[in-house]
1. Can we say Val107 is out of contact with any helix residue (DSSP H, G or I) (no Cβ under 6 Å at 6 or more places or on another chain), surrounded by 12 or more Cβ atoms within 10 Å (Cβ to Cβ), outside any helix (DSSP H, G or I) and not assigned by TED's automatic domain parsing to the domain that holds Arg29?
2. In the list Tyr44, Tyr65, which residue meets the criterion of being modelled with pLDDT of 95 or more and at negative phi?
3. Checking Lys83 against (1) in contact (Cβ under 8 Å) with a residue 40 or more places away in the chain; (2) over 19 Å from Leu13 (Cβ atoms); (3) not assigned by TED's automatic domain parsing to the domain that holds Leu19, only one condition comes out false. Which one?
Amino acid sequence: MHGSLNDQSLIYLQIAQMLEDDILRGVYREEEQVPSTNELARVYHINPATAAKGINLLVTDGILYKRRGIGMFVAPGAEEAVKAKRRAAFYQDFIKPLVREGKSLGVTGEELLAMTRRAMEEGD
């Protein structure tokens, strides 16, 4: 598990996001076991129930699954599921507001696409 907790969002959401990040980076691959709630609680000095809440979010999303008596494992297709989930959030949180702001400034679709291309070419 990589990362550290901060005060910016709820701890259980941060736990879920860190596990997702590790899946995207290949730290945990399909069918590999992820840290237990007790391990997460010990490493991050949090309540095991908080760690479990983060893990259960990923179970609900089909990213992790439980093997009874053994622990939690990365589900087949988890990497693509995380990417799809994050793409949807990216659209909602960034693209829609960007288009809304562009419209309010009178930016055309073609201008917005040109700006986007330029920003991608510039990198940072």
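1. Working: out of contact with any helix residue (DSSP H, G or I) (no Cβ under 6 Å at 6 or more places or on another chain): yes; surrounded by 12 or more Cβ atoms within 10 Å (Cβ to Cβ): yes; outside any helix (DSSP H, G or I): yes; not assigned by TED's automatic domain parsing to the domain that holds Arg29: yes.
Taking the combined requirement at face value, the residue satisfies it.
2. Numbers: Tyr44 fails: modelled with pLDDT of 95 or more.
Only one candidate qualifies: Tyr65.
3. (2)
The values are calculated or read from the model by the stated rules, or taken from the named source; none is laboratory data. The structure presented is a predicted model; accordingly, all values stated were derived computationally and were not measured. Don't worry about glycine lacking a Cβ; one is built from the backbone with ideal geometry, like all the others, and counts go over all protein chains shown.
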